[in-house]
Amino acid sequence: MKWLRTLILFDQGEVISSDDWKAFHESYVRSIVSIDYPAGSGSLTLRRKLRQNGQWQRNGVKYLRSRFLDHMTGPEGWKAEGGVDLSRDRQQPAIRLYPSLEEYREPITSDFGGFDFVTTGSAGGRVAIEWETGNISSSHRSMNKLAIALANGVIDVGVLVLPSRSLYEHLTDRIGNIGELSGYLAMWEGLKYSVKRGLLAITVVEQDELTDDVVPYLPVGDDGRARQGRAKKL
């Protein structure tokens, strides 16, 4: 698999200059480029999407996430821990009610859940990485979770890994991708003012090669809108 680029949406406190960020980035990029298909081939070769009997055939994405995590916890030596402390009793901002205009704080009544990968670097830096396996609304939730974790000081680095537009076209329907998130980057960049120290990034990945050969598609699960995509007609 190819690493295309890493977008730094904000960097408060010069995290980008830290040894931990350098080590984090080099490590997870090595894990990205280690992903191959067929396994052992040394490159990620995907079969192009195909309309067959009126239905779309596409590749799934959970294989890619699984291979990434295996390499991070294997050769790279990281320990994966999905939980972060974002308790429901954290302080909410004061807002106003209308028409009374009185000050109000809405209670938090739902949990965020864990991240795909959370670990701590040798210098104490904490990183959370999300690998997109859901539809575009999942990408928005991941970015919001990372930004809130940064604002609350429970992580120092938050990274979302997304497919390029070219890769997305051959994956399950409406999987999160950089093309559909690009119009929202300014919003997340603007969240830097709520963060004392932290870095928020998006890393974009792509296949090494596409083929029309009759090779198996990557297994499709419940990623994106897989069921709807399989039944989608032209």
Among the candidates Leu181, Leu171, Leu191, which residue alone is under 22 Å from Ser18 (Cα atoms) and either within 17 Å of the chain's Cα centre (by Cα) or in contact (Cβ under 8 Å) with a residue 12 or more places away in the chain (or both)? Leu191
Out of the strands (runs of 3 or more DSSP E) lying entirely within the range 1-70, which hold 1 or more residues that are open to solvent by 50 Å² or more (accessible area, probe 1.4 Å), touching a strand residue (DSSP E or B) at 6+ places or on another chain (Cβ under 6 Å) and of a type outside the set (D, E, K, R)? 2-12, 50-52, 55-57
Ile148 is checked against (1) in a helix (DSSP H, G or I); (2) among the β-branched types (Val, Ile, Thr); (3) modelled with pLDDT of 95 or more and fails just one. What number does that condition carry? (3)
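Conditions tested, residue by residue: (1) open to solvent by 60 Å² or more (accessible area, probe 1.4 Å); (2) in contact with a strand residue (DSSP E or B) (Cβ under 8 Å, 6 or more places away or on another chain).
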residue: Val161; (1), (2): no, yes
residue: Arg165; (1), (2): yes, no
residue: Gly176; (1), (2): no, yes
residue: Met187; (1), (2): yes, no
residue: Ser194; (1), (2): yes, no
residue: Gly198; (1), (2): no, yes
residue: Val204; (1), (2): no, yes
residue: Leu210; (1), (2): no, yes
residue: Asp213; (1), (2): yes, yes
Give the residue, chosen from Thr203, Thr133, that is under 21 Å from Arg5 (Cα atoms), of a type in the set (Ser, Thr, Tyr) and modelled with pLDDT of 95 or more. Thr203
Can you tell me which of Ser138, Ser142 is buried (at least 17 other Cβ atoms within 10 Å of the Cβ), in a helix (DSSP H, G or I), without any contact (Cβ under 8 Å) to a residue 60 or more places away in the chain and in contact with a strand residue (DSSP E or B) (Cβ under 6 Å, 6 or more places away or on another chain)? Ser142
Filter pass, Met1 being within 22 Å of the chain's Cα centre (by Cα) and over 20 Å from Gly158 (Cα atoms): yes
Residue count, the range 113-135 (criterion: open to solvent by 10 Å² or more (accessible area, probe 1.4 Å) and in a strand (DSSP E or B)): 7
Among what's in the range 71-108 and is of a type in the set (Lys, Arg) and outside any strand (DSSP E or B), pick the residue that is modelled with the highest pLDDT. Arg105
Looking only at the range 114-146, count every residue that is among the charged types (D, E, K, R) and either closer than 16 Å to Lys22 by Cα or touching a Cys at 6+ places or on another chain (Cβ under 6 Å) (or both) and tell me the total. 1
Pair list, Cβ under 8 Å, 6 or more apart: the range 31-59 residue farther than 28 Å from Thr73 by Cβ, other residue part of a strand (DSSP E or B) and open to solvent by 80 Å² or more (accessible area, probe 1.4 Å): Gln57/Arg51
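The values are calculated or read from the model by the stated rules, or taken from the named source; none is laboratory data. Treat the numbers as computed from the prediction; the structure is a model and nothing was measured. Reconstructed Cβ throughout: ideal geometry from the backbone, glycine too, with neighbour counts over all protein chains shown. Accessible surface areas use protein heavy atoms only, side chains included; no ligands, DNA or RNA. Shrake-Rupley method; radii C 1.70, N 1.55, O 1.52, S 1.80 Å.
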